[in-house]
Structure formats: C-alpha cells, structure tokens
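In what follows, a single structure is set out as structure tokens and then discussed.
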Amino acid sequence: STLRWVWMAMLAEFSTAEWPAERVVFELVNEPGNFQNHSVSGGRFVEMLPALLRLISSAQPSRVMIVGGEMGSRADFEGGRFVNSGPALVLDAPTIAALAARHHLVGTFHFYRPRDFTNQGMPDVHSMTQPRWQGTATEVDDLAEHFAAVRSALNATPVYLGEFGINVEAVPERSDGVAWLRTVRSLAERNGFAWALWTYSLSPKGVTAAD
C-alpha cells in the first residue's frame, strides 16, 4: 500500500508532458529486499510487481521502468542465505522477463564483487588483510560468469548495471582499482548493459578523471 501511494504521487508530480518518457526513466524501488533498514513483508517483491506496473502503465503507458530483484535473506536461495543484487535479479528474472512482454521494463543490478576488495575495511567486510585485484584470468572469469548469468536469465530484456565502484578511500595499489573498474565496464558493454559508475569521477575512492 505504501508503494502504491508513493507511485500515485510520483505519477501526478512527474507527468510525461514535463518529463518525457523518451528521456526520463523511473526506477520502481532501489535495492528492494529483506535486509538492513527496509524489508518486504506479506509476500515476495515480484508478487507485488504486476499490480504496481499496471498502476504505472495505466497512467503513463509509455514510461520505462527499471526493476531489480529482491535482495537479502531469501527462503528460495540456499536456506535463506543473503542474496546480493546480481543473483537476486537472476532469481527473479522469469517474472521480470514475462512482465517485460506487457510493460516497458529494464532489469537492473549492482555489482561490487569481490566485496572484500571493493569494500575493504567497511563494517560488513571481515577480511583481516588488504586484498588485491590484479585482473588475472581467474579473477576476470569469476566476474564474467556473473555477468553472463544475468544476460542469459534476462534474455531479450534490456539490462542496466545501475551501480558499480570502489567504496573505500583508497586500495593498497591504485592500479588494482583501475583494473577492476575497467574490467567491469568492459564486461557490461560486452553483454550489452547500460551502466552507471557509483563513484564520482573526482572522488578519492579509487578513481580520478584521468583514469
């Protein structure tokens, strides 16, 4: 009910006349899931999608919507283990792809693998060392497998890599950060994904305008 009220207000405020559908895309919910300070209760997120998308399409039939999978502790994934954004999109891809046949949808996921490198030193990362990422064949293949899984699961549905980046002020070797960022961007483009960098270009977090 909260989402319905939010989107009724959004649709009234952001009309296609002032916010043309060919230029402005909406994201239904950023990182929906059962974790931290927001949760899905009373049912799965994908179960809410048909009614929400009907509401939006009835008011703005040409509007493109960005939709992600349900993150967090999912009972349908290895006994309720926490699911990050990419695997969540793969799990919910059948529903999202089916709805894309009736609505203008783009699947989305966020990517910070491996987290002990991109988020080293943050509270949720428990590595005692400062790991490196040097772009070896094994490291690249690991990332590539995840991108390929998303592409295969969504089939013809467009995909948007809505976030990727390095969430620490510095990595032990600056070249590692550059190599990871370039690899992720390359994999996104190879799979036909639009992308957005989470880290601003002038931020000290592992990237500068020159790179």
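Below is a table of values for the structure above.
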{"quantity": "Any hit, segment 92-114, residues being touching a helix residue (DSSP H, G or I) at 6+ places or on another chain (Cβ under 7 Å), among the polar types (S, T, N, Q) and without any contact (Cβ under 8 Å) to a residue 12 or more places away in the chain", "calculated": "no"}
{"quantity": "Residue count, segment 23-56 (criterion: at pLDDT 90 or above and of a type in the set (Gly, Ala, Ser))", "calculated": "1"}
{"quantity": "Candidates ASP124, ASP116, filtered to the one that is open to solvent by 10 Å² or more (accessible area, probe 1.4 Å), assigned to a helix (DSSP H, G or I) and under 22 Å from THR199 (Cβ atoms)", "calculated": "ASP116"}
{"quantity": "Selected residue (only one of GLY86, GLY72, GLY135 is closer than 21 Å to TRP198 by Cβ, assigned to a loop (DSSP other than H, G, I, E, B) and not aromatic (Phe, Trp, Tyr))", "calculated": "GLY135"}
{"quantity": "The listed residue being within 20 Å of HIS110 (Cβ to Cβ), at pLDDT below 95 and of a type in the set (Lys, Arg), out of ARG190, ARG182, ARG132", "calculated": "ARG182"}
{"quantity": "Enumeration of residues in segment 148-193 that are surrounded by fewer than 21 Cβ atoms within 10 Å (Cβ to Cβ), among the β-branched types (Val, Ile, Thr) and touching a strand residue (DSSP E or B) at 6+ places or on another chain (Cβ under 8 Å)", "calculated": "THR157"}
{"quantity": "Criterion violated by ASP142 - all others in (1) open to solvent by less than 70 Å² (accessible area, probe 1.4 Å); (2) under 20 Å from VAL67 (Cα atoms); (3) more than 17 Å from the chain's Cα centre (by Cα) satisfied", "calculated": "(2)"}
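The values are calculated or read from the model by the stated rules, or taken from the named source; none is laboratory data. Because the structure is a prediction, the values reported are computed rather than measured. Note that we place each Cβ from the backbone using ideal geometry, even for glycine, and neighbour counts take in every protein chain shown. SASA here: full protein model, heavy atoms, side chains in, ligands and nucleic acids out. Shrake-Rupley method; radii C 1.70, N 1.55, O 1.52, S 1.80 Å.
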